[in-house]
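Report on the structure given below.
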Amino acid sequence: MDFNDTPEEARFREEASSWLAENAPTDDAFRALSPLEQAKVWQKRKYDAGWACIGWAPDFGGRGASAIEEVIWRQEESQYDLPANFFLIGQGMIGPTLMAWASDEDKARFLPQLASGEEVWCQLFSEPAGGSDLAALRTRAERDGDDWVINGQKIWTSGAHYSDYGVIVVRTDPTVPKHKGLSYFYIDMKAPGVEIKPIKQLTGDSDFNEVYFTDVRVSDSQRLGEVGQGWQVSLTTLMNERAAIGGSFGQMDVSLAMSVAAEVEIDGRPAMEDAAVRARIADWYVQEAGLKYTGYRSLTALSRGALPGPENSIGKLVGAPKMQAMSSYLMDLLGASGAIADEALAAKAGIIQRAYMGAPGLRIAGGTDEIMANIIAERVLGLPQEPRLDKGIPFNEVPTG
Amino acid sequence: MNFEFSDEQQLLREQARGFLTEHCPTSAVRAVLDGDQDWDAALWQKVAEMGWTATVIPEAYGGLGLSYYELAIIAEEMGRSAAPLPFSSSVYLASEAIQRFGNEAQKSAWLPRLASGECVATVAMAERAGRLALEQLETRRGGSQLSGTKVPVADASVAEVAVVLARSDAGLEACLVPLQQAGVSVEPVLTFDTSRGHSSVTFDGAEAEVLGETTLNPEDWESLLDGAAVLLAWEQLGLAETALTQARDYALQRFAFGRAIGSYQAIKHKLANMYVKNTLARSNAYYGVWALSGGSDELPLAAATARVAAIQASTYAAEENIQTHGGMGFTWEFDCHFYLRRAKLLSLAIGSEAVWQDRLVSALAAQSAAA
């Protein structure tokens, strides 16, 4: 075992890192731009030089890089402080969906613009009545000549307010069982009848939106997959979701915990010397190192051109609750001053408090802890699904509570 | 990035698993647990013939001179089958101590016989309840004579020789003590895992020689334990995997209220948690064996991380496997309890969870101070 690149990987890493050293923007003019503008400028620069969406085929704006090369690129790019989140959903989830299901004409029209960052996409799946049970969604589309007319509401839509396009799954037939009555479209987010309302989260931020559809007309040519095949198309998008959400849990790591425990005291001694504190830190390190080395095992598989095993499915289920537990405990160590969120006064400039308030969202987004545990139990361990009371029943006859 | 065992090592895993499936079925574990024997002597003979006791002993001393990667693989399979053998005492601890601390004559005298499996050895550390404190050991050497009591000592009843941690006027020492002699009495001690024998060993002027003929640097002893911690972690991972497999198989086959209990989320989430802990333990065990094999500076951190993860995974899996089985899991007749016993037994050897959590944080602090 070793942690070294193969000669080919090392060559690729060198090429990537020298290009980044030459081209990653750090100037003040760039920093003065809004985060979205910065992201667009940087994405276009990468695109023009062949460093955008490198795993995509050259026809779509990529360079046909291997999975391990994509990882190496991400490792190198992440050494620079550059905004990237604006394109995660579009490039990570929707791009692969378009590749699998869109017409050649649409692929040629949309994928290069998605890779270059000139057009931003969002994903319109969740609804007030359909979260973990996504297929219970109620937004409907009715056929009208060559068009469909959409009415209903989506929720938790990241970036809807700055997106040019979105993908949406809607109910086109309520008289068949729920998975069979869905269809999948792409839509213009600026179309008449689309209304976007930001959701204020418990953190005070607004990363998500509610999106209302009132008689929004969509051409049938914007349908991906057959009528009634929307669930299968959605699965293509969702399969790429965990990869897109990734394993980032901010700055809440063991080195931060060590730093806090070195600074605060318990009965006149550094908290770092307290056995109970040390036991907690050790347990978090076991999780942190365990995830890191699990990642190395997956990278090894990628490096050999194989698919990673199921072990990667544990990342969010371990990382999100750890972020919550760690931020909670570190505030406990701070005592009453743990409540201070003011960046100027708080220990570690308030990142612990922000992490604690943000953690509940991470435990829910992209599959709740409970859904992630079900996925492991069913897909990895082969346990049966819970019986479903709506199975085989026409959607419009399913009890809704 | 190459963070995986080689193809040859994977072949060894298949071979070891096949061998133990055939020669160490759960009935073999049960026979030792139920019977008067402290080990499965016939199985030991076969394991020795496979060369497993010789794995990391250098060729110059009759060993195979393989790496800790191979030994880690064997350790995992030993755990998977809960083999009733003194493997951890003789191979991870005593053979390692003699190899690391012995002088040429001691190595030549003992290592070839340990490699062939003809001789079983153990290590005697604990004297009383609580954490082992190297400065406070009461077992004393004066001249060539050793006195004191060690309890419990794993596998002493089947061992020919023990490496005994003791003190003399000069300081800390590892003494090599043949157990079949007039100055040594080995009395059985009942533990909760009778598939491994444990004893109280009293030395009353026993003939002893000091390993390496010199005092032992406590850090060198800690380093020996780091190595053992990695190998025990692999063995406990094997136990945890068996417990998870048993729980899963039972959850699929046992029906309640008209459906498999494995379809209830209460059971699914429990098993998913086992899988998560086992996966963390496995990845940390990879890190541990990588550090052990390459003699990395990161060994203290890697070993403590592997051990804490493996203690947590194996005890959780063993406990929740019984819970998943319900009342049947509480019976002597079902095999679930083998893994509970062994997982906890191995968790108590060489320092328990809190000791290694503490070592982990010390190593982490040292590593970040050095960075």
* Asked: Within segment B:235-251, is there a residue that is closer than 26 Å to B:Glu76 by Cα, hydrophobic (A, V, I, L, M, F, W, C), surrounded by fewer than 21 Cβ atoms within 10 Å (Cβ to Cβ) and over 15 Å from the mean Cα position of the chain (by Cα)?
  -> no
* Within segment B:318-363, can you find the residues that are within 14 Å of chain A (Cβ to nearest Cβ), open to solvent by 20 Å² or more (accessible area, probe 1.4 Å) and part of a helix (DSSP H, G or I)? -> B:Glu320, B:Glu353, B:Ala354, B:Val355, B:Asp358, B:Arg359, B:Ser362
* Residues in segment A:259-276: is at least one of a type outside the set (Asp, Glu), surrounded by 19 or more Cβ atoms within 10 Å (Cβ to Cβ) and in contact with a Phe, Trp or Tyr (Cβ under 8 Å, 6 or more places away or on another chain)? -> no
* Asked: Does segment B:117-150 hold any residues that are of a type in the set (Gly, Ala, Ser) and open to solvent by 60 Å² or more (accessible area, probe 1.4 Å), and which are they?
  -> B:Ala129, B:Gly130
* Looking at (1) surrounded by 20 or more Cβ atoms within 10 Å (Cβ to Cβ); (2) modelled with pLDDT of 95 or more, which is the only condition A:Lys316 fails? -> (2)
* Asked: Any residue at all in segment B:302-310 that is within 12 Å of chain A (Cβ to nearest Cβ), surrounded by fewer than 24 Cβ atoms within 10 Å (Cβ to Cβ) and closer than 21 Å to A:Asp274 by Cα?
  -> no
* Structure fact -> Reported set for segment A:327-370 where residues are assigned to a helix (DSSP H, G or I), surrounded by 17 or more Cβ atoms within 10 Å (Cβ to Cβ) and out of contact with any Leu (no Cβ under 8 Å at 6 or more places or on another chain) is A:Ser327, A:Tyr329, A:Met331, A:Leu333, A:Leu334, A:Gln353, A:Arg354, A:Ala355, A:Tyr356, A:Gly358, A:Ala359, A:Leu362
* To do: Could you check how many residues of segment A:371-401 are open to solvent by less than 80 Å² (accessible area, probe 1.4 Å) and either within 30 Å of A:Ala261 (Cβ to Cβ) or among the charged types (D, E, K, R) (or both)?
  => 4
* To do: Considering only segment A:1-14, state which residues are part of a helix (DSSP H, G or I) and either more than 14 Å from chain B (Cβ to nearest Cβ) or under 19 Å from A:Gln79 (Cα atoms) (or both).
  => A:Glu9, A:Ala10, A:Arg11, A:Phe12, A:Arg13, A:Glu14
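For residues that are assigned to a loop (DSSP other than H, G, I, E, B) and surrounded by fewer than 17 Cβ atoms within 10 Å (Cβ to Cβ), scanning just segment B:83-116, find the one that is farthest from the chain's Cα centre (by Cα). Spell out how you get there, then give the answer.
Restricting attention to segment B:83-116, the residues satisfying the condition of being assigned to a loop (DSSP other than H, G, I, E, B) are B:83-86, B:102-103, B:116.
Checking which are surrounded by fewer than 17 Cβ atoms within 10 Å (Cβ to Cβ) leaves us with B:103, B:116.
On the way: B:Asn103: 25, B:Ser116: 19 Å.
The selected residue is B:Asn103.
Of everything in segment B:250-286, what is more than 8 Å from chain A (Cβ to nearest Cβ) and under 17 Å from B:Leu340 (Cβ atoms)? Give them in sequence order. Don't jump to the end; show me each part of the working.
Going through segment B:250-286, the residues more than 8 Å from chain A (Cβ to nearest Cβ) turn out to be B:250, B:253-258, B:261, B:266, B:270, B:274, B:277-278, B:285.
Residues satisfying the conditions are B:Tyr250, B:Lys270, B:Met274, B:Lys277, B:Asn278.
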* If you check every pair at least six apart or on different chains, which have Cβ atoms under 8 Å apart with a residue in segment A:15-40 that is assigned to a helix (DSSP H, G or I) first and a residue that is modelled with pLDDT under 95 and among the basic types (Lys, Arg) second? -> A:Gln38/A:Arg31
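With respect to B:Ala291, determine if the residue is within 8 Å of chain A (Cβ to nearest Cβ) and at pLDDT 95 or above. Talk me through it step by step, then tell me what you get.
Working: within 8 Å of chain A (Cβ to nearest Cβ): no; at pLDDT 95 or above: yes.
Here the answer is no, as B:Ala291 does not meet what is asked.
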* Structure fact -> Taking segment B:202-232 and keeping only residues that are open to solvent by less than 20 Å² (accessible area, probe 1.4 Å), more than 29 Å from B:Glu187 (Cβ to Cβ) and either assigned to a strand (DSSP E or B) or touching a Lys or Arg at 6+ places or on another chain (Cβ under 8 Å) (or both), one is left with B:Val230
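Is it true that B:Gln357 is modelled with pLDDT under 95, out of contact with any strand residue (DSSP E or B) (no Cβ under 9 Å at 6 or more places or on another chain) and closer than 28 Å to A:Gln287 by Cβ?
When the stated conditions are applied, B:Gln357 does not pass them.
Looking only at segment A:366-387, decide whether some residue is charged (D, E, K, R) and more than 13 Å from chain B (Cβ to nearest Cβ).
Kept after step one, since they are charged (D, E, K, R), are these residues of segment A:366-387: A:369-370, A:378-379, A:386.
If we keep only those that are more than 13 Å from chain B (Cβ to nearest Cβ) too, we end up with none.
No - not one qualifying residue is present in segment A:366-387.
One residue is enough: does segment B:259-269 have a residue meeting the conditions within 23 Å of A:Gln385 (Cα to Cα), among the charged types (D, E, K, R) and open to solvent by less than 40 Å² (accessible area, probe 1.4 Å)?
For segment B:259-269, residues within 23 Å of A:Gln385 (Cα to Cα), among the charged types (D, E, K, R) and open to solvent by less than 40 Å² (accessible area, probe 1.4 Å): present.
So which of A:Ala339, A:Ala349, A:Ala377 ends up being at positive phi and among the aliphatic types (A, V, I, L, M)? Write out each step before concluding.
Values: A:Ala339 fails: at positive phi; A:Ala377 fails: at positive phi.
Step by step, each of A:Ala339, A:Ala349, A:Ala377 is checked, and only A:Ala349 is at positive phi and among the aliphatic types (A, V, I, L, M).
Would you pick out the residues in segment B:68-82 that are open to solvent by 10 Å² or more (accessible area, probe 1.4 Å), away from chain A (no Cβ under 14 Å) and of a type in the set (D, E, K, R)? Explain how you work it out, then say what you get.
Pass one, segment B:68-82, residues open to solvent by 10 Å² or more (accessible area, probe 1.4 Å): B:68-70, B:80-81.
With the extra rule that they be away from chain A (no Cβ under 14 Å), the set shrinks to B:80-81.
Hit for segment B:68-82 is B:Arg80, nothing else.
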* **Pairs where the first residue, in segment B:1-30, is within 14 Å of chain A (Cβ to nearest Cβ) and the second is open to solvent by 40 Å² or more (accessible area, probe 1.4 Å) and aromatic (Phe, Trp, Tyr), C-beta under 6 Å, 6+ apart** => B:Phe3/A:Tyr296
* **Test result for A:Lys292, modelled with pLDDT under 95, within 18 Å of B:Ser283 (Cβ to Cβ), within 14 Å of another protein chain (Cβ to nearest Cβ) and open to solvent by 40 Å² or more (accessible area, probe 1.4 Å)** => yes
* Could you list, in sequence order, the residues of segment B:283-301 that are open to solvent by 30 Å² or more (accessible area, probe 1.4 Å) and part of a helix (DSSP H, G or I)? -> B:Trp290, B:Ser293, B:Gly294, B:Pro300
* How do the pairs read when you match residues in segment A:56-75 that are on the phi < 0 side of the Ramachandran plot and open to solvent by less than 20 Å² (accessible area, probe 1.4 Å) with residues anywhere that are among the β-branched types (Val, Ile, Thr) and in a loop (DSSP other than H, G, I, E, B), using Cβ under 8 Å and keeping only pairs 6 or more apart or on different chains? -> A:Gly62/A:Ile54; A:Ala65/A:Ile54; A:Trp73/A:Ile54
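Sort through A:Ser116, A:Ser78 and tell me the only one that's touching a residue at least 12 places away in the same chain (Cβ under 8 Å) and among the hydroxyl-bearing types (Ser, Thr, Tyr).
Details: A:Ser78 fails: touching a residue at least 12 places away in the same chain (Cβ under 8 Å).
When all the criteria are applied, what remains is A:Ser116.
The values are calculated or read from the model by the stated rules, or taken from the named source; none is laboratory data. Source: prediction; values computed, not measured. Note that we place each Cβ from the backbone using ideal geometry, even for glycine, and neighbour counts take in every protein chain shown. The protein model used for the area step is the full one, side chains on, heavy atoms only, and it has no ligands, DNA or RNA in it. Shrake-Rupley method; radii C 1.70, N 1.55, O 1.52, S 1.80 Å.
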